[in-house]
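Undergrad: A single structure is presented below for examination.
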Amino acid sequence: MKIVFVVNNKNKRLQNELPGLNKCLEEGEIGLTEILFTTKGKHAIELAREATERECDFLIGVGGDGTLHELINGVLLSNIPSESYPAIGLLPWGSANDFARTVGVSNSPDELIRSIKANSTKKIDLGKIVLHQTKEIRYFINIAGLGLGAEVVKGMEQTTSRLGPGFNYFKHIITGFFRYSKKEVSCNSGDWKWKGKLLQMAVANGRYFGNAICVAPDAVPDDGVFQVVIFGNLSIWDYLKNLRNLKKGTRIKHSEVHYYKAKEIVLESEEPCGIEADGEYVGILPATISILPGAISFLMPSDSR
């Protein structure tokens, strides 16, 4: 059994955690392990693709949602058949660990090792984004966001905060309300259509984004459909009044908030409207987003399978 770990080396906090991880791996006796470190932006995509083509059994991301996003894209960009993909795992030591919240994965190396030994995996879905203008393809495991969410991600990529990612996200949300101009967006799933001024949209495979905001309470990562949540022409006061409900995962009751299901949606806008995936800025509309049912095996505790 061969296991490859890809560590997000941008997160300096991990330096203090790695000796403990190494000790757990030695004591766990789980087979041949290799630990790779990122050295630049999007490096995890390259490392994951190479590890996949060298045929490993488990590919484990050590970091947050961004690290997991890059691993997924590296695996699907590899030149091997999908049935030979490694099982994907996550040690959620990142600044935001929203997908880990959905699937119940903890940051315990011991629990990770137990899952590896038990081969405790589950087939889960992925999302696929095709940007119409550039023909670029991007895969995601958690949530793709349009509108304000994409602008918040772009802003966060350019700044940091000593008060942590939660405060940084909230700060960019609030400043975004004052700076962001709502875009006229149309959405067509085949079964339903929506068009209007868009504050934010979440095309969700997982339930959480933005550091523990439960935007899509009914999303299930292995049911073969997205939950699509549309926040239309909302004001900052609407958002603030409902923030507690979003944190709790309660559906928002408002005429400008809509909940749908979809396997594929086509998104268009005459104005530049950004899109992000798993907290990584992707590009602008138009785009098609589709579900890939059971695309990968994901490592998780047996009690959450």
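Undergrad: Do we have ASP222 as open to solvent by 10 Å² or more (accessible area, probe 1.4 Å), in a helix (DSSP H, G or I) and in contact (Cβ under 8 Å) with a residue 12 or more places away in the chain here?
TA: No.
Undergrad: While we're looking at this one, here's another question. Could you tell me whether any residue of the stretch 27-37 is under 19 Å from LEU126 (Cα atoms) and among the β-branched types (Val, Ile, Thr)?
TA: no
Undergrad: What are the residues in the stretch 97-110 that are closer than 15 Å to GLU17 by Cα and out of contact with any strand residue (DSSP E or B) (no Cβ under 7 Å at 6 or more places or on another chain), if any?
TA: Of everything in the stretch 97-110, those that are closer than 15 Å to GLU17 by Cα and out of contact with any strand residue (DSSP E or B) (no Cβ under 7 Å at 6 or more places or on another chain) turn out to be SER106, SER108, ASP110.
Undergrad: Sticking with this one: Based on this model, can you work out whether ASN79 counts as farther than 16 Å from SER297 by Cα, touching a residue at least 24 places away in the same chain (Cβ under 8 Å), surrounded by fewer than 16 Cβ atoms within 10 Å (Cβ to Cβ) and in contact with a helix residue (DSSP H, G or I) (Cβ under 7 Å, 6 or more places away or on another chain)?
TA: yes
Undergrad: If you go through the stretch 1-37 one residue at a time, how many are closer than 23 Å to GLU280 by Cα, open to solvent by 60 Å² or more (accessible area, probe 1.4 Å) and in a loop (DSSP other than H, G, I, E, B)?
TA: The number of residues fulfilling the criteria is 1.
Undergrad: Which residue out of TYR259, TYR281, TYR239 is part of a strand (DSSP E or B) and modelled with pLDDT under 95? Talk me through it step by step, then tell me what you get.
TA: Details: TYR259 fails: modelled with pLDDT under 95; TYR239 fails: part of a strand (DSSP E or B).
Result of the check over TYR259, TYR281, TYR239: TYR281.
Undergrad: Another question, if that's okay. Scan the stretch 123-160 for residues that are exposed (fewer than 14 other Cβ atoms within 10 Å of the Cβ) and basic (Lys, Arg) and report the count.
TA: The total comes to 2.
Undergrad: Could you please let me know if THR52 is part of a helix (DSSP H, G or I), in contact with a helix residue (DSSP H, G or I) (Cβ under 6 Å, 6 or more places away or on another chain) and β-branched (Val, Ile, Thr)?
TA: Spelling it out, THR52 is indeed part of a helix (DSSP H, G or I), in contact with a helix residue (DSSP H, G or I) (Cβ under 6 Å, 6 or more places away or on another chain) and β-branched (Val, Ile, Thr).
Undergrad: If we keep just the residues of the stretch 105-122 that are open to solvent by 50 Å² or more (accessible area, probe 1.4 Å) and among the polar types (S, T, N, Q), which is farthest from PRO92 (Cα to Cα)?
TA: Looking at residues that are open to solvent by 50 Å² or more (accessible area, probe 1.4 Å) and among the polar types (S, T, N, Q), I get ASN119.
Undergrad: Tell me yes or no: at least one residue of the stretch 60-67 is among the hydrophobic types (A, V, I, L, M, F, W, C), under 18 Å from ASN8 (Cβ atoms) and in a strand (DSSP E or B). Talk me through it step by step, then tell me what you get.
TA: Applying the first criterion (among the hydrophobic types (A, V, I, L, M, F, W, C)) to the stretch 60-67 yields 60, 62.
Still in the running and under 18 Å from ASN8 (Cβ atoms): 60, 62.
Adding the requirement that they be in a strand (DSSP E or B) leaves 60, 62.
Checked the stretch 60-67: at least one residue is among the hydrophobic types (A, V, I, L, M, F, W, C), under 18 Å from ASN8 (Cβ atoms) and in a strand (DSSP E or B).
Undergrad: Any idea which of (1) buried (at least 24 other Cβ atoms within 10 Å of the Cβ); (2) not in a helix (DSSP H, G or I) is the one LYS40 doesn't satisfy?
TA: (1) is the only condition that LYS40 fails.
Residue-by-condition table, conditions (1) at pLDDT below 90; (2) assigned to a loop (DSSP other than H, G, I, E, B); (3) on the phi > 0 side of the Ramachandran plot:
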{"site": "GLY145", "(1), (2), (3)": "no, no, no"}
{"site": "VAL153", "(1), (2), (3)": "yes, no, no"}
{"site": "THR160", "(1), (2), (3)": "yes, yes, no"}
{"site": "LEU163", "(1), (2), (3)": "yes, yes, no"}
{"site": "PHE167", "(1), (2), (3)": "yes, no, no"}
{"site": "THR175", "(1), (2), (3)": "yes, no, no"}
{"site": "SER181", "(1), (2), (3)": "yes, yes, no"}
{"site": "ALA202", "(1), (2), (3)": "no, no, no"}
{"site": "ASP218", "(1), (2), (3)": "no, yes, no"}
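Undergrad: To continue, here is another question. Consider only pairs whose beta carbons are under 6 Å apart and that are at least six residues apart or on different chains; among these, list those whose first residue lies in the stretch 251-273 and is touching a residue at least 24 places away in the same chain (Cβ under 8 Å) and whose second residue is charged (D, E, K, R) and outside any loop (DSSP other than H, G, I, E, B).
TA: SER269/LYS183; GLU271/LYS183; CYS273/LYS183
The values are calculated or read from the model by the stated rules, or taken from the named source; none is laboratory data. All of these numbers come straight from a predicted model, not from anything done at the bench. All Cβ positions, glycine included, derive from the backbone under ideal geometry; neighbour counts span all protein chains shown. Side chains are part of the model used for accessible areas, which takes the heavy atoms of the whole protein and leaves out ligands, DNA and RNA. Shrake-Rupley method; radii C 1.70, N 1.55, O 1.52, S 1.80 Å.
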